[in-house]
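Asker: Attaching a single structure in structure tokens format; questions to follow.
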Amino acid sequence: MNNNPIDIRFQKLRADNKKAFIPFITAGDPSTNATYLIAKAMIENGADVIEFGVPYSDPSADGPVIMRADERALAAGTRLTDVFDVCRKVTTDYPDIPVLLLLYYNSVFVYGKDKFLSACKDNGISGLIIPDLPFEERDELEPTADRYGIYLISMVTPTSFDRIRTIVPEAKGFLYCVSTSGVTGERQTFETHFQEYMNSLNNYSDIPKCLGFGISTPEQKRAMEKCCDGIIVGSALVKQIESAVHDHLSETEIAEKLGAVVKTFTEDFIC
Amino acid sequence: MKKGRYGPYGGQYAAETLMYALDELETAYRQAQSDPKFAAEYKRFLREYAGRPSLLYYAERLSNALGFTVLLKREDLNHTGAHKINNVLGQALLAVRMGKKRLIAETGAGQHGVATATAAAYLGLSCDVFMGQEDMRRQSLNVYRMELLGAQVHAVTDGTATLKDATSEALREWSRRVSDTFYVIGSVVGPHPYPEIVRNFQRVIGDEIRSETLERYNRLPTALIACVGGGSNAMGTFYPFIDDKGVRLIASEAAGRGMDTETHAASISGGTVGVFHGMKSIFLQDDEGQIAPVYSISAGLDYPGIGPEHAHLHDIGRAEYLPVTDDEAVDAFEYLSRIEGIIPAIESAHAVALLLKLKDQFKKDDLVVVTVSGRGDKDVEAIGQYRGRLKVGGMQSE
């Protein structure tokens, strides 16, 4: 049965005819306590799913904003146990909000696959997004993830072309649809024709589909969510944390600021 | 069936954004491999442009000093002064075949960047090279050389601002412009099919050594010695000899300030299994998989990992990987310059140093081949400073 919190959440969103808003922040940026407070504020302001980045020394799929966030988190001494602690606190406070980790495969592999997935389960984590574990290498981790009931979230991109025929039917939870080529980071405009892109994916599965990479304004979000089931926003939020750190705001103030930013994305748009 | 595996190593741990491009590359490469015209064109490039075959030079004074026969495989005599051109001409030819108009590359010492810029000029392609800012400082002459050849050099300031960061940035750039861009990887690293492609374009080194020692000495060498960072010249040297169990394959890793310090770049001697830059291999990293900030005097060996096929050759005991410190490499740099009149690249000096360290293991009738992967002109200034003989602006007075 589908009792992963991701499935439950998307079933509810569909029943309510709503789209998911999925904010991303790097865990430990600028501190693990700040991450906890920011996550709470984001949930209180309408986030449906929370995605925490696990800080990494060499984030080769990320743009400069998230690279700097990873550097701040590592400089603050963030370790995997800290990331797991934040996840446990958030999922204890909000058991209906699925928490996902976005991380590089080396973080799982070196820690130990079984130990890592077991820690995910113990700390309430519902899924992992691992950009450098493509379909071809998934079976290295999927049996372990299945054993603990953790979803490996599949990604597709506009340059996946006919690869979607194998990727999409196997996806679990939701499909992470990368909006454009390149790395994470804000975009002014998108070259992708989203309706065609989503139609091509809908042919293979009715799994919820969320668009991410480069979506930075509430206007972009409202335009793009029409053709999918949810929107992931990362760099635009991380940039707000960066400027708050730069302005020496307290952890509480940073959380309030991020809550307010998330609200601009989630509040009903009234003409 | 998993692709591109060497024992447990290798694979395709790349972002989905790049997977189609990797599939496309593999398909194009397989077609090229079965096309005799491609092989003929590549051979012609090597002969007419790179100046191959490179000399297998009998180092008489060195041999007399050590008491056994030493041959130097003179990759330093190739056009652009290093073995890198062998691989770059092959990949650039593949890029043209695939209709790509733009080459990108990462570079450490600058030799691969120079070779890529050269191939781009030769074939009329545009070229962008990513280089760590620290390496740009260490190898400023090569930066200008690339610009002179029409390439644009992009400074990478992330992390340690060296080869690993340049590689990450080249991967990012490839994912931004995957449709018109060919990523020319400079070593036997990265996601499949790169380690295989680069090894196959570098095996010309070992193939020439094999046929020439058979022809001249009617036998195979006792041992082959080469330096490893990512490991392309060593892989090219070793590969044709893997089944010749009597031939010792020995590689020198950069031990920087020593294996008892944290400032080294010897992946096999000091690393653990991990996944980075698209491959599973052996890396210098902490207990949570954070990649270590490595160090070597040699920018070309200053990389926290090693190619997956090397990791496998080490596991099965077919090749030996031994550390060589900065000091030992600099001593060998000077020694070879004086005894043979050949100034090796500081990378290659790590291989020469290993020859000197292991000299007691060889007997009078042994035939040892050392691959001199590149020329040392680019390093003269840095070594002069290391010895306190040069300051910025010229020679110190005695």
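Asker: If you place +1 on the Cβ of every Lys and Arg and -1 on the Cβ of every Asp and Glu, how big does the dipole about the Cα centre of chain B come out, in debye to the nearest 20?
Answerer: Computed about the Cα centre, the dipole is about 1140 debye.
Asker: Taking only Cα atoms and a 10 Å spring cutoff, compute GNM fluctuations for chain B and point out the largest among B:V156, B:V184, B:V96.
Answerer: Of the options given, B:V96 has the highest mean-square fluctuation.
Asker: Oh, and also: Tell me which of A:T144, A:I254, A:C210 sits at the most positive position along the dipole axis of the stretch A:5-265, charges placed on C-beta atoms (Lys, Arg +1; Asp, Glu -1).
Answerer: Looking along the dipole axis, the top candidate is A:C210.
Asker: Treat each spin label as a single point 7 Å out from the Cα along the C-beta direction, and report the A:T264 to A:K115 distance in nm.
Answerer: Distance between the two pseudo-spin positions: 4.3 nm.
Asker: Percent relative contact order of the stretch B:290-398, based on C-alpha pairs within less than 8 angstrom and at least six residues apart?
Answerer: 20
Asker: Search the structure for amide H atoms under 5 Å from the amide H of B:L367, placed 1.01 Å from N in the peptide plane, and list their residues when 5 or more places away or on another chain.
Answerer: B:T222, B:A223
Asker: Going by amide H atoms built from the backbone, whose H comes under 5 Å of the H on B:R5, apart from near neighbours?
Answerer: B:G11
Asker: Once every DSSP H run of n ≥ 4 in chain A is given -39500 (n - 2.57) and the sum is divided by its residues, what mean residue ellipticity at 222 nm do you get, rounded to the nearest 500 deg cm²/dmol?
Answerer: -13500 deg cm²/dmol
Asker: When the distances between all Cα atoms of the stretch B:317-397 are binned every 5 Å from zero, what whole-number percent does each bin get?
Answerer: 3, 14, 22, 23, 18, 9, 5, 3, 2, 0, 0
Asker: Antiparallel as a % of all DSSP beta bridges within the protein assembly as shown, to the nearest 5?
Answerer: Roughly 25 percent of the DSSP beta bridges within the protein assembly as shown come out antiparallel.
Asker: Per-residue HN-Hα couplings for the stretch A:138-150, Karplus 6.51 cos²θ - 1.76 cosθ + 1.60 at θ = phi - 60°, whole Hz, x for Gly and Pro?
Answerer: Once θ is set to phi - 60°, the couplings for the stretch A:138-150 become 4, 5, 5, 10, 4, x, 5, 4, 4, 4, 9, x, 9 Hz.
Asker: Starting from one equal scatterer on each C-alpha and no solvent at all, send me the Debye-based log10 I(q)/I(0) for chain B at q = 0.09, 0.12, 0.14 Å⁻¹, two decimals.
Answerer: Relative scattering, expressed as log10 I(q)/I(0), comes to -0.47, -0.87, -1.23.
Asker: Can you sort A:Y148, B:Y335 by 1.4 Å-probe accessible area, starting with the largest?
Answerer: B:Y335, A:Y148
Asker: What total accessible surface area, summed over both chains, is buried at the interface between chains A and B, computed with a 1.4 Å probe and given in Å² to the nearest 100?
Answerer: 3000
Asker: Here's another thing I want to ask about it. Give the relative contact order (percent, whole number) for chain A; include only Cα pairs under 8 Å separated by 6+ residues.
Answerer: Averaging sequence separation for qualifying contacts and normalising by length gives 24 percent for chain A.
Asker: Could I ask something else about it? Along each principal axis of its Cα atoms, how long is the stretch B:181-323 end to end? Whole angstroms, biggest number first, please.
Answerer: Taking max minus min along each principal axis of the Cα atoms, the stretch B:181-323 gives 50, 41, 27 Å.
Asker: Continuing with this model, one more query. Please go through the residue pairs A:K89/A:K172; B:K3/B:K378; B:K37/B:K73; A:K113/B:K357; A:K18/A:K89 and name each one whose alpha carbons sit more than 32 Å apart in this structure.
Answerer: B:K3/B:K378; A:K113/B:K357
Asker: Could you check the simple spin-label distance between B:D260 and B:R137, using points 7 Å along Cα→Cβ, in nm with one decimal?
Answerer: So the label points at B:D260 and B:R137 sit 2.9 nm apart.
Asker: Additional query: Please report the antiparallel percentage of DSSP beta bridges with both residues in chain B, rounded to the nearest 5.
Answerer: Restricted to chain B, the bridges split so that about 35 percent are antiparallel.
Asker: Moving on. Could you work out how far apart the two model spin labels at B:R102 and B:R389 are, taking each label as a point 7 Å from the Cα in the direction of the beta carbon, and quote it in nm?
Answerer: Distance between label points: 4.4 nm.
Asker: Moving on to the next point. Looking at B:H79, B:G150, B:A28, which one has the Cα that reaches farthest to the positive end of the dipole of the stretch B:12-151 (charges on Cβ: Lys, Arg +1; Asp, Glu -1)?
Answerer: After comparing all options, I get B:H79.
Asker: Below 8 Å, C-alpha to C-alpha, sequence gap of six or more: please give me the relative contact order for chain B in percent.
Answerer: Averaging sequence separation for qualifying contacts and normalising by length gives 19 percent for chain B.
Asker: Is chain A best put as rounded, prolate or oblate by its Cα gyration tensor, with a ≥ b ≥ c the root eigenvalues, rounded for a/c under 1.5, and otherwise prolate when a/b is larger than b/c, oblate when not?
Answerer: Rounded.
Asker: Quick check: residue separation of B:S179 and B:Y122 times 0.36 nm, minus the Cα distance between them. What number comes out in nm?
Answerer: Length difference between fully extended and current span is 18.3 nm.
Asker: Order the following by accessible area, largest value first: B:H310, B:H79. Probe radius 1.4 Å; ligands, DNA and RNA are ignored.
Answerer: B:H79, B:H310
Asker: Per the helix-only calculation at 222 nm, which mean residue ellipticity applies to chain B, given -39500 (n - 2.57) for every DSSP H run of n ≥ 4 and division by its residues, nearest 500 deg cm²/dmol?
Answerer: Value at 222 nm, helices only, nearest 500: -12500 deg cm²/dmol.
Asker: Still on this structure: Which net charge results when you count Lys and Arg as +1 and Asp and Glu as -1 among the other residues whose beta-carbon is under 15 Å from that of B:R248?
Answerer: Counting the neighbours of B:R248, the net charge comes to +1.
Asker: Okay, moving on. Which percent of the Cα-Cα distances in the protein assembly as shown go past 35 Å?
Answerer: I get 43 percent for the Cα pairs in the protein assembly as shown exceeding 35 Å.
Asker: To the nearest 20 Debye, how big is the dipole of the stretch A:5-265 about its Cα centre, given +1 on the beta carbon of each Lys and Arg and -1 on that of each Asp and Glu?
Answerer: Taking the Cα centre of the stretch A:5-265 as origin, the dipole is about 500 debye.
Asker: Turning to a different aspect of this structure: Working with all protein chains in place, sort A:K19, A:K239, B:K391 by solvent-accessible area computed with a 1.4 Å probe, largest first.
Answerer: I get B:K391, A:K239, A:K19, largest accessible area first.
Asker: Stretch A:H246-A:N199 to full length: gain in nm at 0.36 nm per residue minus the Cα-Cα span?
Answerer: 12.7 nm
Asker: Tell me, in nm to one decimal, what length is gained between B:E334 and B:N64 on full extension, where the rule is 0.36 nm per residue of separation less the Cα-Cα distance?
Answerer: 95.4 nm
The values are calculated or read from the model by the stated rules, or taken from the named source; none is laboratory data. The shown structure was predicted, so the numbers you read here are calculated from the model rather than taken from an experiment. Because the Cβ atoms are built from the backbone with ideal geometry, glycine has one as well, and the counts that use them run over all protein chains shown. For accessibility, only protein heavy atoms count, side chains too; no ligands or nucleic acids. Shrake-Rupley method; radii C 1.70, N 1.55, O 1.52, S 1.80 Å.
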